[in-house]
Amino acid sequence: MSDKKKTQERPSLEPPIQAHLGDQLKKLYGSILSEPIPEKLTLLLDQLEEAERKEREKLSRPVDGSGDR
Amino acid sequence: MTGITAFKSALLAELPSLRAFAISLSGSHDQADDLVQETVMKAWGAHASFIPGTSLRAWLFTIMRNTYFSQYRKARREVQDSDGEAAARLVSAPAQEGHLDLADFRLALDKLPDDQREALILVGASGFSCEEAAEICGCAVGTIKSRVNRARQKLLQMMSMQNAADL
């Protein structure tokens, strides 16, 4: 967010116009950021977590069958 | 166990940013979601190679970018025709005044060369420093700076031509 401190060494564009471009860009990007996340993406994460959990259980059981945790 | 859960919620928190970057790379919502999906799967598989304390977003963007350029880039050319449509969808959601301006901007952005648009978005919208953007793109910091510069110049040119045409 605070990355525009040192990078302003371009005298070619007048600041107001540059700021306008920057605003437009952020507005456009922000409109995408605020869109709802498609369900298939959150479901994918659930599936990945579930699969890994099972995988780990499978791996940990034979090594230390008696103890839980 | 907590490791997985923490990683999952960290990924979940980055999904909006990943989607936004994917849309700006691919120019289409549908393709973007496929790209995000693939990035998430790769990231999950490569979990162990993520260095805690470094930027997860930068790491994810790097994976996405590599995926995009190795598999998707050609497809962008193929769906170029529907780009205008995608751009319209992108900005049409809340129909309000001032969005016409934004739609014009989106179209102008789409006309930039891929490398310039990418640099501009990373630095100007995603909140990365030029150094981080350089790392994500695998190029020199100076290259990022000059791409951002050229992107801004070109946008300015396009936008001022539009304004002139409106008068």
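Structure above, values below:
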quantity: For peptides B:60-66, B:40-46, sequence by mean Cβ density within 10 Å, most packed first; calculated: B:60-66, B:40-46
quantity: A:Glu57-B:Ser70 FRET efficiency (beta carbon distance; Förster radius 30 Å; 0.05 resolution); calculated: 0.30
quantity: Residue pairs, from the table A:Lys27/B:Lys8; A:Lys26/B:Lys42; A:Lys40/B:Lys145; A:Lys26/B:Lys111; A:Lys27/B:Lys145, whose Cα atoms sit over 25 Å apart; calculated: A:Lys27/B:Lys8; A:Lys26/B:Lys42; A:Lys40/B:Lys145
quantity: Largest-first principal axis extents of the Cα set of the stretch B:9-59 (Å); calculated: 32, 17, 17
quantity: Sorted peptide list for B:18-24, B:131-137, A:29-35, criterion being average Cβ within 10 angstrom, highest first; calculated: B:18-24, B:131-137, A:29-35
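Laboratory data are not the source of any read-out in this text; all were calculated from the coordinates shown. Please read these numbers as outputs of a predicted model, since none were measured by experiment. Every residue, glycine as well, gets a Cβ built from its backbone with ideal geometry; the counts of neighbours run over all protein chains shown.
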